[in-house]
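First up is the structure itself, then whatever we jot down about it.
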Amino acid sequence: MDAKLRQHDRVGVEICDLIKVYRTKVKDVIALRGIDASIPAGRAVGVVGPSGCGKTTLLNLVGGLDRCTAGSIRVGEREITRRGEKELARYRRETVGIVFQFFNLVPLLTAQENVELPLRMVGWRAPEREKKAGDLLEVVGLQSRADHRPDALSAGEQQRVALAVALANDPPLLLADEPTGELDSVNAEAVMGLLRDIVHEHGKTAMIVSHDPRIGGYVDQVLRMVDGRLVSPPMAGN
Amino acid sequence: MIGYSLITLWRARRRAALVIVGLSLAVAIVATPAVALDSEIQTLVRQLVESIPYDYLAQGFSSEYDNSSATAAGAQGVIGAEPVVISPPGLTFAVGRPTSGAGANLTPINIAFVRASFASFAGRLGFSGSFQLPLGTLAVPDRIAGRYGLGVGDQIQLLNVVNVCSSAASCSMENFTANYTIGTVLTTPLASNTASHLAQPLSFVPGRDVVFAGLDALDQMRTVLNLAIDNPPLLRIFVWADRGQLINPYDAAETQARVLHVEREVTAGLADRGFSVAEGSSPETGLRISDVVRVVDDSMVFQRGVLLLLSLPAIGLALVFTRMSFESGLAKRRHEIGTLRSRGSDVGMVTAGLLVEALSIGAVAALCGLALSVVLSRVFLGFVNASLPGSGSIPLNEISVSLSAIAVTIIAAILAAFLVAYPLVRRASNIRVVLALKVISPFETAVEYQEARSFLLTALGLSSLLLFAGLAGSSGQAGILQFLLGALLAVLIALAPVLLILGVARYVTLGTDRPYRGLARMVRPWLGQLDFLVAEGLRRNPRRSSNLAVLTAFALTFAMFVVSLAAIVDAQTSRVARTIVGGDVRFDSGGITAGDLANLSARPDVRGATVVDFISSNYGVLAAINGSDYARTVTWLDSYYFEEGGPGVVASLASTNGAIPNAAAASALGLRIGDQLVLNVVIGGGRTAHLYAVIVKVVAVVMALPGLQRSGDAIDFNPTIVVDRQTLEASGLTELPLTSPGERLILRTQSAEDPHVVARYLEDRWSGTAIVYQDFLESLRDDPFRAALFGLLYTEAGLAVFVVILAVASAAYASGVEREGELATIVSRGFDRRRLTLLLLGEGSAVGVIGSVLAIPTTLVLLWAFLRTEALIAPYSLPMEFVVPLTTWILLLATLGGIAIGSVLAGLRLRWMNLPKVLKLRGL
């Protein structure tokens, strides 16, 4: 595995007084009420909490998928909350890899092609692209299913492909939003184990949002959220 | 990312198919006017060229008839040459029966000396028959033969009166006569001037008064009749070229070059004989072949613009359909776009990728559209055009597509794809990433509907309509003001239906769901209580439903308008023909007595006959009729013509001493019904002049009356007053002082009889011109531009309907796909899956009905507006009548039927869906 994933500069995440308000016609919804948190470089943090507490909102903001109403997020040396869309897109390409609950694979592409997609975005040439994608699929144990489209893969296999996609550009920061939400317990353990191994062995910083009570066994630190706030000091993980 | 775009485009080619279809249709529709014009050009050129009887005329003094003709015929590009010697002008000949004595049945004629082979080309000069004329025989046109009751084998006498001088001081008029046998009676077209083709080089008498003799009889007849024909005579050689090689209807310069080339060839061949050669021209238009293509080409500039402009509605509909398909496709890919954005694609990269797909689709659509335009042109020319009245003259064209046309089409299609796709792509690419990732269903659960906007659109539309009505009611503008007013009205009436449809459609489809619920009940007999699913299906995708309703309304409005307009124009053409001719046959002549009229009426093929006498008076021309005869004969008399009063007054004109002035007379004299008028008619002149005062009472005012126009137009702008002949006789006017056009006979023939028979009889019996209604009507309809215009409009109306059916069917298909899960659930609960197609039938039909309800009043308003505008900008023609033919309603029902069938077919896949698989995928 080591030969296939190179070491990357580690980045930490600093979140300062983060506020997110969703404005609707009916009423304003305050999703985050001033989050302060710190994820040391090379550490994995789990974010837990009841449904609707703002976990996914927090992850979306750290991932550059959405914009905060107030506050700041620093990833490594980079402050991302004031960046333009073009810079955020570059941030998403080069710095962060996201694993989604519903996999978010492109249904028309094969597993191989899905993994190659981020590499195309940064201009990798075909031979190198294909090799890298193949290596990543081998890391997640799906090299034999490289030519299959997502609808031909099981949920667990799809999530593993999604993990390979997230790792394609060697991002120093890995985000996972309920990565095991659609999986059975066996597959969930497999995926979480894979995540843990990748994070620890390659020094990646990770934020994992989950309902899974076993999350503590896979991360260094657990943050608990309720109603848009961190409610307790970070709990030590396993 | 370009690679990614092309891969996904290929793999999702079915998704792109509808967009390609829409864009291909738009491309094909753009190409159709070009095809229409090509056909029109060919036909116009052919028509104009056909009126040119010969291509070249060589003239010179020679007795070498055969050698000279053979030399001319041997020139490159020439297919025939015939020599003719014509007796010189200024001589008077007479024809009469030998037994009837000198002076009886005398008619001035000319003699044309020809070869037997003249028969091959004589038809072009208006003569058909054999020219095999041994010595002592003549060929006589049917005019002369019919007039004098002559036939083949009969003898006629030719008389030449010549001033013969035995010495300088002693001259006397001498008669030279000879008897000849009629060898052939030549057929000439009815009421035609084709025989005057001979008059062109002759510069005198019409061809109907020409007799033909063999060239080898020239010397003998010259001697016997003392003909002043030179020796050698002035020989005229008519030369005919291969017109298929000579004329390129699309290239005036090339045609002129070819014509000049052949002329030089003929000239060179005959140069040593001293012949001069000139191009032939049409006696009707004066055009030569070298002029025809250029003249037609010049006239096409305006028509090109008009036809392209008239294609815009259909092009617009096809592009709207393309846009809808593209938008639907993008909606389905919103999650994919979110995924790309989440992986690091910025807005520009996503936009570029989607545009590459759109432009690729445009290129494919261009090629498909070109191929489709060839098919459409075949449909247009071979079916649509041929089925229109009077338009069968446009032949099936050979379609050729140049490289430049292909290049232009590809560029235009790509540009159209870009213009359609770009705003949609920008919007889709800019969507918030989290929103795009969350959206799994392509449903639009909310559309920002602003009632104020609907109200504003509707109000603007109504205002435009009211403004139009107000302006259209104004009259009296002249010249440039009238033109500007017409232009403004055209803009208003183009805007009004668009605004009204958009405004009302938005309210009906977005502002309330009552129409959906109401229309959903259409399928309640089959769906039972589940009819609410139909309304639900329409409501959950409000933008799509609204777009479909608007598309249906526009397409139906356009199609119904076209069909009705064609009927209105054709009805007006018939009305004009009926007004000008008055009956089945109209014959202007003189000398028709009461006895002649009685004899005519007694003919078994004549149903009725009436005579009109045109007389001068102090208040303009009087048209003297027998009111009851006229009313009985002219069955086309109806209230249309009457500005005041009604058709019933005509039959009783004598008993009421009535007078019916036309609008010009009524306006000039300020006449209304009930006004008394004293008409003064003067007979004679100078000391013998006698004034007759006729007192009449105005009983009606008319635009025109059938058959009573003095000019060749449907409306006579000179004051004319119709009175009964008995009223004039009662005032002492037994002898009528005729003025142009003199005396006119209007006939109705029996329904199964050929009117040409009695028309020919009239022309033979009296000197005059007979007009047959059917021929006249066909000549009005036989307008290549009109045929091209309506053929094009009909084709595009059909395309518009096709686009609508396709759009609704594809929307029904998409609706079925989107709701597969819930429909599977319903079926799993016990619903008969065969009835699922009825759900989509209900949705499609509801949209179709909404569109129809919007289209019907819009069409009627447009037709009314068209008629008002036409009356304003063309006040000098008969007003068009408001006609909505049955075909319009059939078209409407057919469209609704097509929508229903399309929706049912689109839903067929639901009947065979794999229930367990669908339920599993939906997490059940």
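Read-outs: derived from the displayed coordinates by stated rules, not from any lab. Since this is a predicted model, take the numbers as computed values, not measurements. Methodologically, a virtual Cβ is constructed for each residue, glycine included, from the backbone with ideal geometry; neighbour enumeration extends over all protein chains shown.
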Base-10 log of normalised Debye intensity for chain B (one unit scatterer per alpha-carbon) at q = 0.06, 0.07 Å⁻¹: -0.63, -0.80
Using only the alpha-carbon atoms, how far is helix B:289-332 inclined from the longest principal axis of chain B? Give it as 0 to 90 degrees, nearest 10. 10 degrees
Residue-by-residue Karplus 3J(HN,Hα) for segment A:133-145, coefficients 6.51, -1.76, 1.60, Hz, glycine and proline x: 5, x, 4, 5, 5, 5, 4, 8, x, 10, 4, 6, 10
Want the number for B:R432 to B:N67: 0.36 nm per residue separation, take away the alpha-carbon distance, what's left? 122.2 nm
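What Kirkwood radius, in Å to one decimal, follows from the Cα pairs of chain A? Before the final figure, lay out each step's value.
Working: mean 1/r = 0.0555 Å⁻¹.
For chain A, the Kirkwood estimate is 18.0 Å.
How shielded is A:106-113 by partner chains, expressed as the average number of their Cβ atoms within 10 Å of its Cβ atoms? List each step's numbers first, then the result.
Working: counts 9, 7, 10, 5, 0, 0, 0, 4.
The per-residue average across the peptide is 4.
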Using a simple spin-label model with points 7 Å from Cα along the Cα→Cβ vector, what separation in nm is obtained for B:R911 and B:L893? 2.6 nm
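Gain in length, B:L495 to B:Y422, computed as 0.36 nm per residue apart minus the alpha-carbon separation, to one decimal in nm? Could the numbers behind the result be given before it?
Values: separation 73, 0.36 × 73 = 26.28 nm, distance 2.56 nm.
Between B:L495 and B:Y422, full extension yields an extra 23.7 nm.
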For the pair B:V374 and B:E753, the simple spin-label estimate (label points 7 Å beyond Cα toward Cβ) gives in nm 5.4 nm
Separation in nanometres of the label points that stand 7 Å from Cα toward Cβ, at A:R78 and B:A17: 4.4 nm
Cα centroids of segment A:134-178 and segment B:214-279: how far apart, whole angstrom? 91 Å
Identify, among B:A812, B:T858, B:F882, the residue whose Cα sits farthest towards the positive end of the charge dipole of segment B:774-924, taking +1 on the Cβ of Lys and Arg and -1 on the Cβ of Asp and Glu, with the dipole about the Cα centre. B:A812
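For B:A271 and B:A363 in the same chain, what is the full-extension length gain: residue separation times 0.36 nm, less their Cα-Cα distance, in nm? Kindly include the intermediate steps, with their values, before the conclusion.
Working: separation 92, 0.36 × 92 = 33.12 nm, distance 5.93 nm.
27.2 nm is the gain from fully extending B:A271 to B:A363.
What pairs from A:K55/B:K332; A:K25/B:K438; A:K20/A:K204; A:K55/A:K86; A:K20/A:K132; A:K86/A:K204 go past 31 Å between their alpha carbons? Present the calculation step by step, with values, prior to reporting the outcome.
On the way: A:K55/B:K332 28 Å; A:K25/B:K438 19 Å; A:K20/A:K204 26 Å; A:K55/A:K86 25 Å; A:K20/A:K132 37 Å; A:K86/A:K204 24 Å.
Among A:K55/B:K332; A:K25/B:K438; A:K20/A:K204; A:K55/A:K86; A:K20/A:K132; A:K86/A:K204, the Cα-Cα distance tops 31 Å for A:K20/A:K132.
Semi-axes of the equivalent ellipsoid for segment A:1-114, please: Cα gyration tensor eigenvalues, times 5, square-rooted, ordered largest first, whole Å.
Ellipsoid semi-axes (Å, largest first): 26, 19, 15.
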Around B:L789: net Lys/Arg minus Asp/Glu count, Cβ-Cβ under 10 Å: -1
Using the Cα atoms of the protein assembly as shown, I'd like the radius of gyration and the largest Cα-Cα distance, Dmax, both in angstrom. 44.2, 153
I'd like the orientation of helix B:347-379 relative to chain B: the angle between its Cα long axis and the longest Cα principal axis, in ° from 0 to 90, rounded to 10. 30 degrees
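Go through segment B:815-855 and name the trypsin sites (Lys or Arg not before Pro) that are in a DSSP coil and have 13 or fewer other Cβ atoms within 10 Å of their Cβ. Show your work: numbers first, answer last.
Working: sites: B:R819, B:R829, B:R833, B:R834, B:R835; in loops: B:R819, B:R829.
Those that pass, being in a loop and sparsely packed, are B:R829.
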Quick one: Debye curve from the alpha-carbon atoms of segment A:120-238 only, equal weights, vacuum; give me log10 I(q)/I(0) at q = 0.18, 0.23 Å⁻¹ to two decimals. -0.99, -1.41
Indicate the gyration tensor shape class of segment B:591-767 (rounded, prolate or oblate), computed on the Cα atoms with a ≥ b ≥ c the square roots of the eigenvalues: a/c under 1.5 is rounded; otherwise a/b larger than b/c is prolate and the rest oblate. oblate
Could you pull the Rg and Dmax for segment A:55-136, using just the Cα atoms, both in Å? 14.7, 44
Report ³J(HN,Hα) in whole Hz for each residue of segment B:44-59, in order, from the Karplus equation J = 6.51 cos²θ - 1.76 cosθ + 1.60 where θ = phi - 60°; Gly and Pro get x. 4, 4, 4, 4, 5, 5, 5, 7, 8, x, 9, 8, 9, 10, 9, 10
Note down the relative contact order for chain B as a percent, whole number, built from C-alpha pairs under 8 angstrom at least six residues apart. 15 percent
